[in-house]
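Asker: Encoded as C-alpha cells, here's the structure I'll be asking about.
The values are calculated or read from the model by the stated rules, or taken from the named source; none is laboratory data. Everything quoted here is computed from the prediction, not taken from an experiment. Neighbour counts are summed over all protein chains in view; Cβ atoms, including those assigned to glycine, are modelled from backbone coordinates with ideal geometry.
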Amino acid sequence: MHTLRDLVLLLLFVSSITPAFARDPESLDIVSDQYPRAFFFRGSEGAHSTHLYPSYESWEGVFNRLQGIIGKCLDEECLGREARNPEFFTRFKREHPGQAVLLHFNGNARDPLYETENFFPGHWVYDEATLVLGDVPAESGESVIHVADASRFKINTGRYQNSNDDIALFGITADGKHDWNQCEQVQLIDIDTKANAIRVRRACYGTKPLAFSAKSARAAAHTSEGPWGKNNHLMWYYNYATHCPRDAEGKTCADRIVDDLARWFGPGGKLAAFDGLEFDVLFNRTHGDTDGDTVADDAIIDGINQYGIGVVEFARQLRERLGDNVILQADGALGPSGSASQRAWQIFNGIESEGWPDLRDWEFDDWSGGLNRHFFWRDNARPPVFNYINHKWVQSVPGQPGVTEHPQVPFSRHRLAFAAAQFFDAAICYSYAPKKDPDGKMGIWDELCCGNENKLAWLGRPLAPAVRVATRHEDLLSGSGTGQSLAQRIQGSVETKATRDGVQVTAAKANEADIEFHVGNVPTSGSDLFVSVKMKAASMNDYPSEMARFAQVGVSGGMMDLLAKEPIETGMKIRSELQEQPLDRQTGAGVSLRKAELDGQSMPAVFTHPPYRGAKGYTYWTQEATIPPHSELHFSIGMGELSPQRSDGVMFQVFAAEVQPSGLGEYVPLFEATTNTHQWLPQSVSLQSLGGKRVRFKFVADCGPKDNTTTDQAYWGGVRIVKENTHRNNVTPFAQAMTWVNEKTFESGFYFRDIRSAEVDLSFTVESSEPVWIESITAHARPDVIYRIFEHGIVLANPSRNPYTFDLDAISPDKSYRRLQGSANQDKETNNGQPVAGRVTLGERDALFLQLN
C-alpha cells in the first residue's frame, strides 16, 4: 500500500507541472563562484530500479547530498529508464530548486524502437549498399535474399559481439539513389557468404513487407553503435549532414530531433522541470553513406565536412527553440585528442570530459591537451558556462567483449584530476566512486566535501586565476618568440609577416589541408619543458564561424619523427589489379596511426593490415621529409599477439622516391624483411645517398607470397630519421598535444617531459589553410606545476614524474593551511588534518587540497 500511495502522490505531483515553470541556470549552485562544484552522475538514474530504491525517499536520500544530478530519463539508449526517472527527477527539482537536474541523451544515435515514428528512412546513416539479385516477395516472417556481396553484413557484432545488423531494403530511383519512399526495415538472422545470401526477419521497426524486383533494389546495413547494456539494442546513427534527405514535410533528421526535444522540454513535457541536457557522443564527423548513393562518403562532400556543419546548425536550431535558459552541453573529448567532438562553441554552455584527461589516460599523458580543451571551452562557451569532468577511467576486461573495469590507481591520480577541474573552472561528477559510506550510500570524494567536515563548496571563491609556475621562470627563447625575431625563426612551407596582431603565418599554397611549420633550435635545460603559445586564427572558409580549428604543437630533438602527423597517403593493391587504390574497408584493409604495445613495450606506431575479405595483396602508407646529410632511417617492425601462432608472416618493405619540381620520381627499394614475431624488431637503413633531397617514403605491409592473411596485424613503430651514430639518450622522442584556435587570441600550454637533447624543434600543425597569428611563444625548463588560491584554501598540482616542492610562504604569504581530515575509507595518510607550513612536497603526479586555518 505504501508503494501504491507513493505512486499516486507522485502522479498527482507530476500532473501539477504548469507552463509557468521558469528555468534560471544562473541561480544554480553548480554554476556559482563557490568551489569545488560537484554533482552526481548517472548513478542517479538507478531511480528506475524498484529493487535498489523502493520509494522516492530511499532514492532522494542518496542523491540530495551534492549540487545536482544527471541521468537517463528516456529510453532512447537504455531500456526502462522512462518508467520512474522523469517523475523522480522532476520531484527532486521541485524540492531542490538550487540543484541542477540534467538529462543524459545520446546525441549520435537512437534505439530504433524508441519514438522513431516521425523519422524517415533518409534520416539515418547507412553502410555501403549491395545490389539485391533475386526477386523479394512482399511476405511476413523470414526471407532469404540473394545479394551481390553478403560480406557487407555482420552477425555477432556490436559492443558485446552478440548483435546482428539491422538492414534497410530500398528500391532504386531513376538517378541511381536509394528510393526512400520504397523502404522496408529488416533484421539480419544469418549470412551465407558462399551463396551471397542473407536470411532476414521482415517488416521490422514499424514497416510493412514490400516487394522488390531483382537488380532493382539494394540492401544496406544501418551504421550503428552499441548496444550500451547487454539487454539493449543496436542504435542507428543520426544523419546530421546538411544534405540529409528530407521527408514529406520537408524535415531533416536534425529537425525531427529538435522537435522531440522541444516537446519533451516544453510546457507540459515530461522534462519540463529539467535544467537542460548533455549530448553524449555528439561527434563532428561520421562514417557511412549520408545521401543514398551507395558510396560511403562520410558526409565529406567536395572536401567539406557537411556532417560537422550540420551538427553546429542542429545546435543553433535547438538553442533557438529552447532559448537561453536551457543548459546545453556535449562531449568534448571524443576521438584522438578530442578532435572528433562537436564544435558548437558560443551555442553550447560547455562540455563533458568523460575521463580526464581522457577515458583511458590515468597516466596523464595528455595533461596539456586536457587543460587546453577545457580552458578553451571556458573562454568560448555560451554563458552561463558549465563544463564538467565525469571522473572515470576504464580498461577492457580480457575475454569479455564490451566489458570494462576501473583500473587500480593511487589516490594521488584522483586528486590530480580533481585539482585540474579547479584550475579551469569545471564541475566534477564521477563514475569512479570511492568506497561506500558507512551507512551504505554512494561515497563522496573527500576533496569535494572537505573530508569529514562534509561541507560543499568549501574552498569558496577563487581569488585569482590558476598560476602556471613555469611561466614565472626564465624564457629559454630570451624574448625571441615575438615579432620579427619569431617571424625569422619560423620554418616550413609558409610565409610569415610581423603584424600588430602577431606574426601572421600563411600557407605557401592555397587550399592546403593544414598549415605546418616549426620553430627550430630551441635550447633546453633538463628533462622538463613547458611552452606557452598565444595564438589566434581566421575562421575556416565554408564553415560556420563557431567552428574553431584543431591545432597541435609537438616537440622533438636530434631526429625527425615520421609519425608526427597522419600519413600523406594510404592505400592498397589487390593481387589481381594493376594499380594501387584507396583503402576499401570492405576488404578489411586498414592503416591507422596509434600507440602500440608489443610484448610489453609501447611506442607510437602505424598499424596496418593487408586486405583479406575477398581479396589479397598489400597496404601502404607514405610520408615525406627533407633528408639531412649523414642520416639513417630508424624504425621497428612487429606483429600482433596471435600472429606467431596463426600467421605465416608479413613482408615489410620500404621504398623511397625523390620529390622533384616536376613530380614524384620512381620508387626504389630500401628495405625488406618478413616476420610474424610479437615483439619490436629494431631496423636501421642508411640514407647517405639521399642527403639533402626531399624524399617520399612508402611503407608496405604485404601478406606474403602464399597470400595467407590470417592475423596479419602488422606494426611500424618509432619511424624516425636520425643522424648517423646518434645515441638514443641524446634523442628527444616526438611528443605533441592539442589545442583549439579561433578568431580570439587564446593562450595554450604544452608540457613536455623526457627532453634529452640540448636543443629541440617545436612543430605546429593547424587545421585548414587560412592564416594564423602567433602573438608570442615562450619556453621554460620547468614542469607544468600549478596552484590556485581560494577564499578558504589552496589547491596544488604536480603533473611531472618527479616530486616537486611548493613554497607556501612565497606563493601565499601571511596565510596558514592545514590538510583535510580524510574519511575512513579514503586517503587518511595524505588528508590527515595536520597543519602545513613553509615548503610542502608533492609526489609525482599528485595534487593537494589544503584548507585555510
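Asker: Is it true that some residue in region 369-385 is on the phi > 0 side of the Ramachandran plot and assigned to a loop (DSSP other than H, G, I, E, B)?
Answerer: No, region 369-385 contains no residue that is on the phi > 0 side of the Ramachandran plot and assigned to a loop (DSSP other than H, G, I, E, B).
Asker: Against the definition (in contact with a helix residue (DSSP H, G or I) (Cβ under 7 Å, 6 or more places away or on another chain), closer than 23 Å to LYS93 by Cβ and not charged (D, E, K, R)), how does LEU282 come out, yes or no?
Answerer: no
Asker: Could I ask something else about it? Examine region 645-659 for a residue that is surrounded by fewer than 22 Cβ atoms within 10 Å (Cβ to Cβ), part of a helix (DSSP H, G or I) and either modelled with pLDDT under 95 or among the aliphatic types (A, V, I, L, M) (or both), and state whether such a residue exists.
Answerer: Checked region 645-659: at least one residue is surrounded by fewer than 22 Cβ atoms within 10 Å (Cβ to Cβ), part of a helix (DSSP H, G or I) and either modelled with pLDDT under 95 or among the aliphatic types (A, V, I, L, M) (or both).
Asker: When only residues in region 447-474 that are of a type in the set (D, E, K, R) and under 26 Å from GLY68 (Cα atoms) count, which is nearest to the chain's Cα centre (by Cα)?
Answerer: Going through the qualifying residues, I end up with GLU447.
Asker: For region 213-247, how many residues meet the condition of being closer than 21 Å to VAL132 by Cβ and either part of a strand (DSSP E or B) or basic (Lys, Arg) (or both)?
Answerer: Within region 213-247, the first condition is being closer than 21 Å to VAL132 by Cβ, and the residues that meet it are 213-224, 236, 245.
Next cut, either part of a strand (DSSP E or B) or basic (Lys, Arg) (or both) only: 215, 217-222, 224, 236.
Number satisfying all stated conditions: 9.
Asker: Looking only at region 398-428, count how many residues are at pLDDT 95 or above and either outside the structural domain of ARG42 (by TED's automatic domain parsing) or in a loop (DSSP other than H, G, I, E, B) (or both).
Answerer: 8
Asker: For region 373-381, indicate whether the set of residues that are closer than 21 Å to PHE40 by Cα, in the same structural domain as PRO336 (by TED's automatic domain parsing) and acidic (Asp, Glu) is non-empty.
Answerer: Within region 373-381 (the criterion being closer than 21 Å to PHE40 by Cα, in the same structural domain as PRO336 (by TED's automatic domain parsing) and acidic (Asp, Glu)), the answer is no, since none of the residues qualifies.
Asker: Next up: Please work out if TRP716 is touching a strand residue (DSSP E or B) at 6+ places or on another chain (Cβ under 7 Å) and under 30 Å from ALA589 (Cβ atoms).
Answerer: Yes; evaluated as a whole, the condition is true for this residue.
Asker: Name the residues in region 285-326 that are under 30 Å from ASP24 (Cβ atoms), without any contact (Cβ under 8 Å) to a residue 24 or more places away in the chain and either buried (at least 17 other Cβ atoms within 10 Å of the Cβ) or not acidic (Asp, Glu) (or both), would you?
Answerer: The one that is under 30 Å from ASP24 (Cβ atoms), without any contact (Cβ under 8 Å) to a residue 24 or more places away in the chain and either buried (at least 17 other Cβ atoms within 10 Å of the Cβ) or not acidic (Asp, Glu) (or both): GLY323.
Asker: If GLU569 satisfies every condition in (1) surrounded by 17 or more Cβ atoms within 10 Å (Cβ to Cβ); (2) under 25 Å from the mean Cα position of the chain (by Cα); (3) more than 30 Å from ILE347 (Cα to Cα) but one, which is the exception?
Answerer: The number of the failed condition is (1).
Asker: Among the listed residues TRP740, TRP680, which satisfies the condition of being aromatic (Phe, Trp, Tyr), surrounded by 21 or more Cβ atoms within 10 Å (Cβ to Cβ) and touching a Gly at 6+ places or on another chain (Cβ under 6 Å)?
Answerer: Working: TRP740 fails: touching a Gly at 6+ places or on another chain (Cβ under 6 Å).
After ruling out the rest, the residue left standing is TRP680.
Asker: Next question, about the same structure. Of these, GLY640, GLY588, which one is crowded, with 16+ Cβ neighbours inside 10 Å, assigned by TED's automatic domain parsing to the domain that holds ALA657, at positive phi and not charged (D, E, K, R)?
Answerer: Only one candidate passes the filter, namely GLY588.
Asker: Next up: Can you tell me which residue in region 154-177 is surrounded by the fewest Cβ atoms within 10 Å (Cβ to Cβ), limited to those that are touching a residue at least 40 places away in the same chain (Cβ under 8 Å) and over 32 Å from the mean Cα position of the chain (by Cα)?
Answerer: GLY176
Asker: So is GLU77 at pLDDT 95 or above, buried (at least 20 other Cβ atoms within 10 Å of the Cβ) and of a type outside the set (A, V, I, L, M) or not?
Answerer: When the stated conditions are applied, GLU77 passes them.
Asker: Here is a list: ALA109, ALA83. Which entry is free of Cβ contacts under 8 Å to residues at least 60 places away in the same chain and out of contact with any Lys or Arg (no Cβ under 9 Å at 6 or more places or on another chain)?
Answerer: Matching residue, one of ALA109, ALA83: ALA83.
Asker: Residues to consider are PHE170, PHE119; find the one that is farther than 18 Å from ALA217 by Cα, in contact with an Asp or Glu (Cβ under 9 Å, 6 or more places away or on another chain) and at pLDDT 95 or above.
Answerer: Of the residues listed, the single one that is farther than 18 Å from ALA217 by Cα, in contact with an Asp or Glu (Cβ under 9 Å, 6 or more places away or on another chain) and at pLDDT 95 or above is PHE119.
Asker: Right, something else. Please verify whether ALA109 is within 28 Å of SER353 (Cα to Cα) and in contact with a helix residue (DSSP H, G or I) (Cβ under 6 Å, 6 or more places away or on another chain), treating the condition exactly as stated.
Answerer: no
Asker: Could you please let me know if THR677 is without any contact (Cβ under 8 Å) to a residue 40 or more places away in the chain and among the polar types (S, T, N, Q)?
Answerer: Yes: the conditions hold for THR677.
Asker: Are there any pairs, at least 6 apart or on different chains, whose C-beta atoms fall under 7 Å, with the first in region 651-671 and under 12 Å from PHE699 (Cβ atoms) and the second not in a strand (DSSP E or B) and not small (Gly, Ala, Ser), and if so, which?
Answerer: PHE655/TYR667; ALA656/TYR667; ALA656/LEU690
Asker: Has region 208-230 got at least one residue that is closer than 15 Å to GLU142 by Cβ and either without any contact (Cβ under 8 Å) to a residue 12 or more places away in the chain or surrounded by fewer than 20 Cβ atoms within 10 Å (Cβ to Cβ) (or both)?
Answerer: Yes; the residues of region 208-230 include at least one that is closer than 15 Å to GLU142 by Cβ and either without any contact (Cβ under 8 Å) to a residue 12 or more places away in the chain or surrounded by fewer than 20 Cβ atoms within 10 Å (Cβ to Cβ) (or both).
Asker: Test each condition in (1) surrounded by 15 or more Cβ atoms within 10 Å (Cβ to Cβ); (2) within 30 Å of the chain's Cα centre (by Cα); (3) aliphatic (A, V, I, L, M) for LEU477 and report the one that comes out false.
Answerer: (2)
Asker: Still on this structure, please answer the following. Output the residues belonging to region 806-853 that are crowded, with 18+ Cβ neighbours inside 10 Å, among the basic types (Lys, Arg) and within 15 Å of VAL785 (Cα to Cα).
Answerer: Of everything in region 806-853, just one residue is crowded, with 18+ Cβ neighbours inside 10 Å, among the basic types (Lys, Arg) and within 15 Å of VAL785 (Cα to Cα), namely ARG845.
Asker: Go through ASP528, ASP542, ASP599 for me and flag whichever is touching a helix residue (DSSP H, G or I) at 6+ places or on another chain (Cβ under 9 Å) and surrounded by fewer than 19 Cβ atoms within 10 Å (Cβ to Cβ). Walk me through how you get there before you give the answer.
Answerer: Working: ASP528 fails: surrounded by fewer than 19 Cβ atoms within 10 Å (Cβ to Cβ); ASP599 fails: touching a helix residue (DSSP H, G or I) at 6+ places or on another chain (Cβ under 9 Å).
Being touching a helix residue (DSSP H, G or I) at 6+ places or on another chain (Cβ under 9 Å) and surrounded by fewer than 19 Cβ atoms within 10 Å (Cβ to Cβ) holds for just one of ASP528, ASP542, ASP599, which is ASP542.
Asker: Counting only residues that are polar (S, T, N, Q), under 29 Å from SER163 (Cα atoms) and buried (at least 16 other Cβ atoms within 10 Å of the Cβ), how many does region 383-405 have?
Answerer: 1
Asker: Given the options SER44, SER55, name the one that is under 31 Å from the mean Cα position of the chain (by Cα) and not hydrophobic (A, V, I, L, M, F, W, C).
Answerer: None of the others qualify; the one that does is SER44.
Asker: Restricted to region 442-474, and to residues that are of a type in the set (A, V, I, L, M) and part of a helix (DSSP H, G or I), which residue is nearest to PHE411 (Cα to Cα)?
Answerer: By that ranking, first place goes to LEU448.
Asker: Kindly indicate whether PHE734 is of a type in the set (A, V, I, L, M, F, W, C), in contact (Cβ under 8 Å) with a residue 40 or more places away in the chain and within 23 Å of GLU658 (Cα to Cα).
Answerer: Judged against the criteria, PHE734 is not a match.
Asker: Still on this structure: Select from region 352-368 the residues that are part of a helix (DSSP H, G or I) and of a type in the set (S, T, N, Q) and list them in ascending order. If you could, list the steps in order and put the result at the bottom.
Answerer: Step one: list which residues in region 352-368 are part of a helix (DSSP H, G or I), which gives 367-368.
Listed by number, the list holds a single entry, SER368.
Asker: Being more than 30 Å from TRP377 (Cα to Cα), among the basic types (Lys, Arg) and touching a strand residue (DSSP E or B) at 6+ places or on another chain (Cβ under 8 Å) is the requirement here; does LYS723 meet it?
Answerer: Working: more than 30 Å from TRP377 (Cα to Cα): yes; among the basic types (Lys, Arg): yes; touching a strand residue (DSSP E or B) at 6+ places or on another chain (Cβ under 8 Å): yes.
Criteria met by LYS723.
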